[in-house]
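Quick note: the coordinates plus some simple rules give every number you see, no bench work behind them. The shown structure was predicted, so the numbers you read here are calculated from the model rather than taken from an experiment. Positions of Cβ are backbone-derived with ideal geometry, glycine not excepted, and every protein chain shown enters the neighbour counts.
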Ligand code: SF4
């Protein structure tokens with residue numbers, strides 16, 4: 001059984017053996033252990049334990065060693081793994097994000113799916129990479145998992161390969177700042193996709209209890225694997241841990257003295273007591289490390305089985321804390337008050353400076369940006385740019401130990417630089433290397449940046465909660481050595497906003513593949529939407545990937561299911577609203593339907609929770625449904641897309657709505673929504689309907705094209721001061737229907753052109769990053785020709801000519 005399945009099954013207490021190679025890339029210690037296991041057989045393991053996997057470290061302590069992939073290959077070649085699974089450690093210290101993808105794909109090809117995702121130790125000699133940290137690596141794995149579902153065929157969904165990543169957590173930390181940062185980091189790792197945890201080594205049962213208490217207090221039900229290190233004087237590990245030579249591992253003076261006064265059997269006994277302790281706490285299993293000899297491993301397990309639930313007798317032997325260390329809970333289990341740290345001068349200076357010219361809510365920001373823009377610094381070159389960059393560098397170096405990443409996270413980190421201030425330059429410090437006193441384990445002269453950030457956060461109103469929730473994305477390497485202030489000012493860094501309010505469109509029942517999978521899911525019975533299955537994971541992947549692509553709303557359209565029985569679409573919308581709420585990372589739903597009952601059901605379900613949710617978007621409301629739908633605003637906060645269509649016969653040329661008619665529909669919707677039902681203008685989106693470019697060619701002279709009318713309507717709405725603040729949105733994918741190729745390119749050009757007329761929202765595929773990437777000039781010219789189809793013959797000829805050329809050039813050769 002794979003470890004990931006055993007983790008779900010949990011009928012037995014799981015055991016992992018943690019193995020490392022010997023000096024000089026030596027496989028022998030691993031081979032010796034595994035040969036002994038194969039000789040002794042499974043019957044050597046106590047019946048209530050499931051020895052399920054071996055795990056292999058990757059360059060521990062940053063010293064080059066045999067790679068986990070090589071260990072896995074050799075174990076297979078020598079037929080030593082048998083039914084055991086293999087869990088490699090994957091770290092970010094030696095490889096950038098691209099190399100990590102290749103490594104993960106190698107493991108996928110070798111059918112290795114469980115892994116431990118770590119930031120990694122600081123390399124002993126080489127330069128650490130740390131392009132990602134553990135949260136970035138977990139997010140990358142989540143992305144790969146979601147992509148695997150999204151690329152799978154509907155009939156293959158039950159066999160899609162998925163990684164099951166573990167993360168590390170260190171409870172054996174004794175300052176308030178480090179402890180809280182570890183707890184927050186654990187929560188961030190869960191948000192980034194960790195599916196189980198392996199703890200750091202440590203000998204303090206009270207700290208282990210705190211870990212389980214924190215998880216249950218905050219509603220997390222995630223499997224924990226306790227790390228049981230066989231601490232014995234037969235190796236140098238106790239002394240190295242005591243002397244802070246194995247970062248993140250703590251052995252107190254008393255424990256060191258005790259270990260050196262004992263015999264090996266006493267060391268086995270302590271490890272066995274710890275196994276029993278974790279079992280009694282409800283851990284899913286243990287990871288036993290520091291073992292070279294298989295007979296020690298078996299003795300530990302047998303003795304742990306003998307102890308059973310009676311570990312408390314040995315509390316004193318499992319309690320070697322730092323004196324006067326911080327505990328989050330008192331002896332009765334009550335949570336302690338956290339300290340309010342004072343604000344330091346540097347933070348005050350940073351806050352003042354930032355507010356004065358870099359906070360977009362203040363006038364100073366706009367003035368500063370317009371001056372810098374006027375000086376031509378936006379292009380990122382030239383003498384003034386260089387002068388500014390040089391002075392920025394020196395001031396920020398002096399004040400913040402700035403290392404010129406160009407993608408500055410000082411505001412998110414409360415005025416502290418995690419590149420210059422951290423030995424590994426992590427995006428989301430701390431790692432687990434800090435000493436028990438809060439110093440960096442890689443440079444004992446400096447305080448861990450995680451400590452300083454915590455203290456600065458605590459000095460700010462609401463700062464601790466902000467710190468707990470903020471996950472910094474990996475920095476953009478392209479910005480290195482450029483001016484971070486100007487990158488921020490001109491939206492080139494991680495603060496770059498979506499140029500459009502983007503409404504993700506991929507959960508739509510009329511998309512053939514998605515519709516088929518939605519049908520499969522619906523047929524799975526009453527627990528279809530709660531019990532894990534391939535189709536459910538597919539929908540989850542669609543939701544999570546759009547949230548990760550910065551969708552502002554995640555649209556759900558189930559109208560295809562309501563054609564025969566509207567109630568089916570209503571029932572399904574309730575389930576999809578729940579799923580978006582659970583997996584959308586806080587991104588609100590856009591309930592998309594032509595049926596008002598489906599809209600109402602989705603809206604009500606969205607708010608059917610005790611947790612705070614952002615207001616959803618309803619698509620669509622028309623003038624002839626507005627008096628039924630808009631009164632719901634009294635009970636539920638929402639925005640809506642007003643579709644510019646009416647039940648009246650159109651009076652425009654060619655039998656469709658004229659620009660004036662469309663505009664007057666917008667006015668009616670606006671007046672009713674704002675005047676009668678209390679909507680704010682920014683809660684109203686108008687949709688003037690997209691017509692496919694391929695067939696937007698009126699045959700009679702004097703009749704304008706649909707694209708022309710849609711764009712001109714947007715322009716008219718956006719230039720009306722009475723409608724100030726409203727948005728204009730289009731379902732842009734419809735524009736490229738029936739085109740023979742280059743649909744993403746044409747859609748990109750369509751969006752760019754529509755934005756020139758005032759489009760500021762769109763229902764689109766968020767993966768294509770429309771509005772960020774420059775369109776192809778030829779495609780832009782073609783869309784422009786359609787945008788100008790005002791009914792005159794020469795404009796029609798031009799549009800037809802460009803479309804003809806495009807079709808000839810884009811057609812795929814016959815097979
Ligand atoms: S400063 Fe803190 S987060 Fe950075 S390497 Fe040192 S211990 Fe880890």
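List pairs: first residue in the stretch 412-441 and farther than 23 Å from residue 359 by Cα and free of Cβ contacts under 8 Å to residues at least 24 places away in the same chain, second residue in a loop (DSSP other than H, G, I, E, B) and within 11 Å of the ligand (Cβ to nearest atom) anywhere in the structure, Cβ distance under 8 angstrom, at least six positions apart or on different chains.
Sorted first by the residue in the stretch 412-441, then by its partner, the pairs are 439/448; 440/422; 440/423; 440/433; 440/434; 440/448.
Of all residues being part of a loop (DSSP other than H, G, I, E, B) and within 15 Å of the ligand (Cβ to nearest atom) in the stretch 385-404, which is surrounded by the fewest Cβ atoms within 10 Å (Cβ to Cβ)? Just the residue, please. Walk me through how you get there before you give the answer.
Let us first name the residues in the stretch 385-404 that are part of a loop (DSSP other than H, G, I, E, B), namely 401-404.
Right, trim to within 15 Å of the ligand (Cβ to nearest atom) and you get 401, 403.
Values: 401: 16, 403: 18.
Checked the stretch 385-404; the qualifying residue surrounded by the fewest Cβ atoms within 10 Å (Cβ to Cβ) is 401.
Quick grid of which residues meet (1) part of a loop (DSSP other than H, G, I, E, B); (2) touching a strand residue (DSSP E or B) at 6+ places or on another chain (Cβ under 7 Å); (3) loosely packed, with under 14 Cβ neighbours inside 10 Å; (4) at negative phi:
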| residue | (1), (2), (3), (4) |
| --- | --- |
| 647 | yes, no, yes, yes |
| 662 | no, no, no, yes |
| 669 | no, yes, no, yes |
| 675 | no, no, yes, yes |
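Mind listing just one residue for me: the one in the stretch 472-506 that is under 19 Å from the mean Cα position of the chain (by Cα) and under 21 Å from residue 764 (Cβ atoms) and, of those, surrounded by the fewest Cβ atoms within 10 Å (Cβ to Cβ)?
497
Is at least one residue of the stretch 744-767 in a loop (DSSP other than H, G, I, E, B), under 28 Å from the mean Cα position of the chain (by Cα) and in contact (Cβ under 8 Å) with a residue 24 or more places away in the chain?
Narrowing the stretch 744-767 to residues in a loop (DSSP other than H, G, I, E, B): 758-760, 765.
Checking which are under 28 Å from the mean Cα position of the chain (by Cα) leaves us with 760, 765.
Within this subset, residues satisfying the condition of being in contact (Cβ under 8 Å) with a residue 24 or more places away in the chain are 760, 765.
Yes, some residue in the stretch 744-767 is in a loop (DSSP other than H, G, I, E, B), under 28 Å from the mean Cα position of the chain (by Cα) and in contact (Cβ under 8 Å) with a residue 24 or more places away in the chain.
A quick yes/no check of all residues on (1) surrounded by fewer than 20 Cβ atoms within 10 Å (Cβ to Cβ); (2) over 21 Å from residue 510 (Cβ atoms); (3) in contact with a helix residue (DSSP H, G or I) (Cβ under 6 Å, 6 or more places away or on another chain):
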{"position": "576", "(1), (2), (3)": "no, no, no"}
{"position": "583", "(1), (2), (3)": "yes, yes, yes"}
{"position": "597", "(1), (2), (3)": "yes, no, yes"}
{"position": "603", "(1), (2), (3)": "no, yes, no"}
{"position": "610", "(1), (2), (3)": "yes, yes, no"}
{"position": "615", "(1), (2), (3)": "yes, yes, no"}
{"position": "620", "(1), (2), (3)": "no, no, no"}
{"position": "635", "(1), (2), (3)": "yes, yes, no"}
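Here are the criteria: (1) free of Cβ contacts under 8 Å to residues at least 60 places away in the same chain; (2) more than 17 Å from residue 291 (Cβ to Cβ); (3) out of contact with any helix residue (DSSP H, G or I) (no Cβ under 8 Å at 6 or more places or on another chain). Tell me which single one residue 222 does not satisfy.
Every listed condition holds for residue 222 apart from (3).
Can you pull out every residue in the stretch 421-437 that is more than 24 Å from the chain's Cα centre (by Cα) and more than 9 Å from the ligand (Cβ to nearest atom)?
Those that are more than 24 Å from the chain's Cα centre (by Cα) and more than 9 Å from the ligand (Cβ to nearest atom): 436, 437.
Pick out the one residue from 589, 554 that is touching a strand residue (DSSP E or B) at 6+ places or on another chain (Cβ under 7 Å), in contact (Cβ under 8 Å) with a residue 40 or more places away in the chain and crowded, with 21+ Cβ neighbours inside 10 Å. Before you say what the answer is, go through the steps one by one.
Values: 589 fails: in contact (Cβ under 8 Å) with a residue 40 or more places away in the chain.
Result: 554 is the single residue among 589, 554 that is touching a strand residue (DSSP E or B) at 6+ places or on another chain (Cβ under 7 Å), in contact (Cβ under 8 Å) with a residue 40 or more places away in the chain and crowded, with 21+ Cβ neighbours inside 10 Å.
Could you please find all residues in the stretch 405-420 being away from the ligand (no atom under 11 Å from the Cβ) and more than 24 Å from residue 125 (Cα to Cα)?
Selection gives 406, 407, 408, 409, 410, 411, 412, 413, 414, 415.
For the stretch 447-486, which positions are away from the ligand (no atom under 16 Å from the Cβ) and within 18 Å of residue 425 (Cβ to Cβ)?
473, 476, 477, 478, 479, 480, 481, 482, 484
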